[in-house]
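The values are calculated or read from the model by the stated rules, or taken from the named source; none is laboratory data. The structure displayed is predicted, hence computed values, not measured ones. Every residue, glycine as well, gets a Cβ built from its backbone with ideal geometry; the counts of neighbours run over all protein chains shown. Only protein heavy atoms, including side chains, enter the accessible area calculation; ligands, DNA and RNA are left aside. Shrake-Rupley method; radii C 1.70, N 1.55, O 1.52, S 1.80 Å.
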Amino acid sequence: MASNSWTISDSNGMSHTIRCKTKAFGGPEISVDTNTYRVKSSNWFINLVDYSVDFPGANCHVVMIGNKSRLAVNGTYQDDGSQYEPMTSIPAWVWVLVAISVIGGWFFGGLLCLVIGAALSTVYISASLQKNNTKVIIAFVGFLVIAAVFFVLNMLLVGATSMM
């Protein structure tokens with residue numbers, strides 16, 4: 001269970017505490033001062049939340065991708081100073097790569113390769129949301145190499161057992 005906490009001051013000088021908790025079951029929770037809100041992910045495969053909190057003089061966005069949570073105040077992320085951009089939907093070509101990785105993993109490498117394909121699919125989605133298409137392509141090429149190795153090993157094992 002991941003948890004982050006931030007303290008924000010509004011234009012009136014009042015301090016507000018924002019807490020973000022990622023739970024294994026029950027979904028993520030965001031607490032603003034003493035109020036707790038259970039939020040719903042906008043994606044069924046990976047945890048995606050963009051929750052807006054408005055204070056006088058401070059527009060805050062709690063952004064959660066997977067187990068990582070970040071806070072943007074007035075358009076700037078607090079952890080690295082980068083510019084806040086609203087989350088967009090995941091492109092269709094990334095979903096095609098996810099399907100190829102999971103289904104192709106099963107057909108070419110069995111259960112273990114399917115699990116590897118599913119794990120790498122979370123990398124595709126996360127990198128896509130961060131607009132890092134290079135990372136998506138590199139991860140997919142890595143999956144193709146892993147699937148090819150599993151396929152060759154399976155063929156060698158099948159060939160060795162059929163000769164007996």
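Computed extension gain for N154 through T34, at 0.36 nm per residue and net of the alpha carbon distance, reaches 37.5 nm. Between region 1-79 and region 118-152, the C-alpha centres lie 29 angstrom from each other.
When the accessible area of the chain is computed with all protein chains present and a 1.4 Å probe, what percentage of it is carbon and sulfur?
Numbers: 6210 of 9710 Å².
Taking all protein chains in place, the chain shows 64 percent carbon and sulfur surface.
Rounded to the nearest 10 degrees, the inclination of helix 133-162 to the longest alpha-carbon principal axis of the chain is 30 degrees.
Multiply the residue separation of V96 and Q83 by 0.36 nm, subtract the distance between their alpha-carbon atoms, and state the gained length in nm to one decimal. It would help to have the intermediate numbers written out before the result.
Numbers: separation 13, 0.36 × 13 = 4.68 nm, distance 2.91 nm.
Net length gain for the segment: 1.8 nm.
Taking amide H positions as modeled 1.01 Å from N, with prolines and chain starts lacking one, the residues under 5 Å from N47 and 5 or more places away or on another chain are G66.
When both bridge partners sit in region 27-156, DSSP labels roughly 100% of those beta bridges antiparallel.
Add -39500 (n - 2.57) for each DSSP H run of 4 or more in the chain, then divide by its residues: what number comes out at 222 nm, to the nearest 500 deg cm²/dmol?
Numbers: 2 runs with 68 residues, N = 164.
Here the helix-only value at 222 nm equals -15000 deg cm²/dmol.
In the chain, the longest principal axis of the Cα atoms and the axis of helix 92-129 are about 30 degrees apart. Note on the chain: dipole from Cβ charges, positive end direction compared against I100, L156, L112; the farthest Cα belongs to L156. In terms of packing, defined here as the mean over residues of other Cβ atoms within 10 angstrom, the peptides 72-84, 124-136, 141-153 line up highest first as 124-136, 141-153, 72-84. As a rough guide to protection, the peptides 87-99, 31-43 ranked by mean Cβ packing within 10 Å, highest first, stand as 87-99, 31-43.
Beta carbons within 10 angstrom, averaged per residue: use that to sort the peptides 101-107, 8-14, highest first. Please report the intermediate quantities before stating the final value.
Details: 101-107: 17.9, 8-14: 11.4.
Highest mean packing first, the order is 101-107, 8-14.
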